[in-house]
Amino acid sequence: MTELAPKICKRCGNSYVPTARCQKYCGKQKVRGTCSWHVAQEITKKWMAENPAKMTEYRDKWRQNLADDPVRYQKYMERMRRKDLKRQGMTQEQYDAKHAEQRGGCEICLQPHGRALCGRSKDLAIDHDHETNQLRGLLCDDCNIGLGLFRDDPQRLFNAALYLLKYKEIGGHDLPTLTMAATQDRINARIVEH
(Lines give C-alpha, C1' and ligand atoms only; values in the text may rest on other atoms or scores of the structure.)
Protein backbone atom coordinates (compact mmCIF):
# COMPACT_ATOMS: atom_id res chain seq x y z
CA MET A 1 0.00 0.00 0.00
CA THR A 2 1.12 3.52 -0.65
CA GLU A 3 1.72 5.86 2.23
CA LEU A 4 -1.00 8.45 2.69
CA ALA A 5 -0.04 12.09 3.04
CA PRO A 6 -0.72 13.94 6.31
CA LYS A 7 -4.23 15.31 6.59
CA ILE A 8 -5.93 17.98 8.67
CA CYS A 9 -8.96 16.82 10.66
CA LYS A 10 -11.95 19.04 9.83
CA ARG A 11 -13.30 18.66 13.38
CA CYS A 12 -10.34 19.11 15.70
CA GLY A 13 -7.95 20.89 13.30
CA ASN A 14 -5.08 18.54 14.20
CA SER A 15 -2.76 17.11 11.58
CA TYR A 16 -2.68 13.31 11.44
CA VAL A 17 -0.82 10.73 9.39
CA PRO A 18 -2.61 7.42 8.83
CA THR A 19 -0.47 4.52 10.07
CA ALA A 20 0.21 1.33 8.12
CA ARG A 21 -2.13 -0.53 10.44
CA CYS A 22 -5.12 1.67 9.64
CA GLN A 23 -4.09 2.80 6.16
CA LYS A 24 -6.91 0.91 4.49
CA TYR A 25 -9.43 2.35 6.94
CA CYS A 26 -7.99 5.88 6.79
CA GLY A 27 -7.99 5.79 3.00
CA LYS A 28 -11.79 5.96 3.23
CA GLN A 29 -11.44 9.24 5.11
CA LYS A 30 -10.65 11.16 1.94
CA VAL A 31 -14.37 11.79 1.79
CA ARG A 32 -14.96 12.12 5.54
CA GLY A 33 -11.97 14.38 6.19
CA THR A 34 -11.71 13.44 9.84
CA CYS A 35 -9.09 11.60 11.84
CA SER A 36 -9.70 7.98 12.82
CA TRP A 37 -10.23 8.92 16.48
CA HIS A 38 -13.28 11.05 15.62
CA VAL A 39 -14.66 8.40 13.26
CA ALA A 40 -14.32 5.74 15.97
CA GLN A 41 -16.01 8.02 18.50
CA GLU A 42 -18.95 8.59 16.16
CA ILE A 43 -19.33 4.88 15.47
CA THR A 44 -19.20 4.07 19.19
CA LYS A 45 -21.72 6.77 20.14
CA LYS A 46 -24.09 5.66 17.40
CA TRP A 47 -23.88 2.00 18.47
CA MET A 48 -24.42 2.93 22.14
CA ALA A 49 -27.47 5.03 21.26
CA GLU A 50 -28.94 2.19 19.17
CA ASN A 51 -28.21 -0.55 21.75
CA PRO A 52 -28.92 0.76 25.28
CA ALA A 53 -29.94 -2.66 26.60
CA LYS A 54 -26.70 -4.25 25.41
CA MET A 55 -24.70 -1.42 26.98
CA THR A 56 -26.45 -1.92 30.32
CA GLU A 57 -25.87 -5.67 30.11
CA TYR A 58 -22.19 -5.12 29.25
CA ARG A 59 -21.66 -2.68 32.16
CA ASP A 60 -23.42 -4.98 34.64
CA LYS A 61 -21.33 -7.96 33.51
CA TRP A 62 -18.12 -5.89 33.75
CA ARG A 63 -18.98 -4.72 37.30
CA GLN A 64 -19.87 -8.24 38.40
CA ASN A 65 -16.62 -9.66 37.01
CA LEU A 66 -14.71 -6.92 38.80
CA ALA A 67 -16.56 -7.58 42.07
CA ASP A 68 -15.95 -11.34 41.86
CA ASP A 69 -12.18 -11.08 41.34
CA PRO A 70 -10.25 -9.20 44.08
CA VAL A 71 -6.97 -9.33 42.14
CA ARG A 72 -8.58 -7.87 39.04
CA TYR A 73 -10.28 -5.20 41.16
CA GLN A 74 -6.96 -4.26 42.80
CA LYS A 75 -5.22 -3.98 39.41
CA TYR A 76 -8.09 -1.86 38.08
CA MET A 77 -7.92 0.49 41.06
CA GLU A 78 -4.13 0.82 40.77
CA ARG A 79 -4.45 1.64 37.07
CA MET A 80 -7.13 4.25 37.78
CA ARG A 81 -5.00 5.77 40.58
CA ARG A 82 -1.95 6.08 38.26
CA LYS A 83 -4.13 7.65 35.57
CA ASP A 84 -5.68 10.09 38.06
CA LEU A 85 -2.29 11.06 39.53
CA LYS A 86 -0.86 11.66 36.06
CA ARG A 87 -3.85 13.78 35.03
CA GLN A 88 -3.61 15.86 38.22
CA GLY A 89 0.19 16.24 37.98
CA MET A 90 0.83 14.57 41.34
CA THR A 91 3.25 11.78 42.27
CA GLN A 92 2.37 8.80 44.45
CA GLU A 93 4.76 10.14 47.12
CA GLN A 94 2.95 13.51 47.17
CA TYR A 95 -0.40 11.72 47.44
CA ASP A 96 0.87 9.57 50.32
CA ALA A 97 2.27 12.63 52.12
CA LYS A 98 -1.04 14.50 51.75
CA HIS A 99 -2.93 11.39 52.87
CA ALA A 100 -0.76 11.16 56.01
CA GLU A 101 -1.14 14.91 56.65
CA GLN A 102 -4.94 14.48 56.59
CA ARG A 103 -4.65 11.43 58.89
CA GLY A 104 -6.07 9.20 56.16
CA GLY A 105 -9.45 10.91 55.94
CA CYS A 106 -11.40 13.29 53.75
CA GLU A 107 -10.50 16.88 54.58
CA ILE A 108 -14.18 17.85 54.85
CA CYS A 109 -16.12 14.94 56.37
CA LEU A 110 -13.13 13.07 57.86
CA GLN A 111 -14.27 9.74 56.35
CA PRO A 112 -11.36 7.37 55.62
CA HIS A 113 -12.28 6.43 52.05
CA GLY A 114 -14.17 7.33 48.91
CA ARG A 115 -17.42 5.93 47.53
CA ALA A 116 -17.63 2.14 47.38
CA LEU A 117 -17.12 0.48 44.02
CA CYS A 118 -18.21 -3.16 43.73
CA GLY A 119 -18.62 -3.26 47.51
CA ARG A 120 -15.03 -2.12 48.16
CA SER A 121 -13.83 1.33 49.17
CA LYS A 122 -11.90 3.60 46.83
CA ASP A 123 -8.99 5.91 47.53
CA LEU A 124 -9.73 9.54 48.27
CA ALA A 125 -10.14 11.81 45.23
CA ILE A 126 -7.65 14.57 44.46
CA ASP A 127 -9.50 17.90 44.65
CA HIS A 128 -8.32 20.90 42.64
CA ASP A 129 -9.44 24.43 41.84
CA HIS A 130 -11.05 24.37 38.38
CA GLU A 131 -10.03 27.96 37.61
CA THR A 132 -6.34 27.76 38.60
CA ASN A 133 -5.83 23.95 38.46
CA GLN A 134 -4.13 24.24 41.86
CA LEU A 135 -4.35 21.07 43.95
CA ARG A 136 -6.20 21.54 47.23
CA GLY A 137 -6.62 18.32 49.17
CA LEU A 138 -7.95 14.77 49.24
CA LEU A 139 -11.72 14.33 49.48
CA CYS A 140 -14.17 11.46 49.48
CA ASP A 141 -16.24 11.25 46.31
CA ASP A 142 -19.37 12.65 47.98
CA CYS A 143 -17.61 15.80 49.23
CA ASN A 144 -15.71 16.24 45.95
CA ILE A 145 -18.90 15.93 43.89
CA GLY A 146 -20.74 18.20 46.33
CA LEU A 147 -18.18 20.97 45.89
CA GLY A 148 -18.52 20.63 42.14
CA LEU A 149 -22.31 20.81 42.30
CA PHE A 150 -22.00 23.96 44.42
CA ARG A 151 -19.60 25.30 41.75
CA ASP A 152 -16.83 25.76 44.37
CA ASP A 153 -18.71 28.83 45.61
CA PRO A 154 -18.12 29.43 49.36
CA GLN A 155 -21.19 31.68 49.61
CA ARG A 156 -23.46 28.93 48.23
CA LEU A 157 -21.97 26.41 50.65
CA PHE A 158 -22.38 28.80 53.58
CA ASN A 159 -26.00 29.49 52.59
CA ALA A 160 -26.63 25.72 52.35
CA ALA A 161 -25.18 25.21 55.85
CA LEU A 162 -27.36 27.99 57.26
CA TYR A 163 -30.39 26.50 55.50
CA LEU A 164 -29.77 23.07 57.06
CA LEU A 165 -29.18 24.57 60.51
CA LYS A 166 -32.35 26.66 60.21
CA TYR A 167 -34.49 23.53 60.02
CA LYS A 168 -32.71 21.64 62.81
CA GLU A 169 -33.25 21.91 66.54
CA ILE A 170 -30.49 24.29 67.58
CA GLY A 171 -31.47 24.71 71.22
CA GLY A 172 -30.97 28.46 71.32
CA HIS A 173 -27.28 28.33 70.35
CA ASP A 174 -25.73 31.03 68.20
CA LEU A 175 -25.39 29.53 64.67
CA PRO A 176 -21.71 30.40 64.02
CA THR A 177 -20.74 29.22 67.53
CA LEU A 178 -22.68 25.98 67.10
CA THR A 179 -21.07 25.34 63.73
CA MET A 180 -17.54 26.02 64.98
CA ALA A 181 -18.08 23.97 68.15
CA ALA A 182 -19.45 21.00 66.23
CA THR A 183 -16.58 21.16 63.75
CA GLN A 184 -13.98 21.39 66.53
CA ASP A 185 -15.56 18.43 68.37
CA ARG A 186 -15.40 16.31 65.20
CA ILE A 187 -11.76 17.24 64.63
CA ASN A 188 -10.83 16.49 68.27
CA ALA A 189 -12.62 13.13 68.12
CA ARG A 190 -10.74 12.26 64.93
CA ILE A 191 -7.38 13.13 66.54
CA VAL A 192 -8.16 10.97 69.58
CA GLU A 193 -8.98 8.00 67.30
CA HIS A 194 -5.46 8.10 65.83
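The values are calculated or read from the model by the stated rules, or taken from the named source; none is laboratory data. Note that this is a predicted model, so its numbers are computed, not measured. For neighbour counting, all protein chains shown are included, and Cβ atoms are generated from backbone atoms with ideal geometry for every residue, glycine included.
Residue-wise test of (1) among the hydroxyl-bearing types (S, T, Y); (2) at pLDDT 70 or above; (3) assigned to a helix (DSSP H, G or I).
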{"residue": "I108", "(1), (2), (3)": "no, yes, no"}
{"residue": "K122", "(1), (2), (3)": "no, yes, no"}
{"residue": "N144", "(1), (2), (3)": "no, yes, yes"}
{"residue": "R151", "(1), (2), (3)": "no, yes, no"}
{"residue": "L165", "(1), (2), (3)": "no, yes, yes"}
{"residue": "P176", "(1), (2), (3)": "no, no, yes"}
{"residue": "M180", "(1), (2), (3)": "no, no, yes"}
{"residue": "Q184", "(1), (2), (3)": "no, no, yes"}
{"residue": "A189", "(1), (2), (3)": "no, no, yes"}
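Every residue, every condition in (1) surrounded by fewer than 15 Cβ atoms within 10 Å (Cβ to Cβ); (2) of a type in the set (S, T, N, Q), yes or no:
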position	(1), (2)
R87	yes, no
D123	no, no
N133	yes, yes
C140	no, no
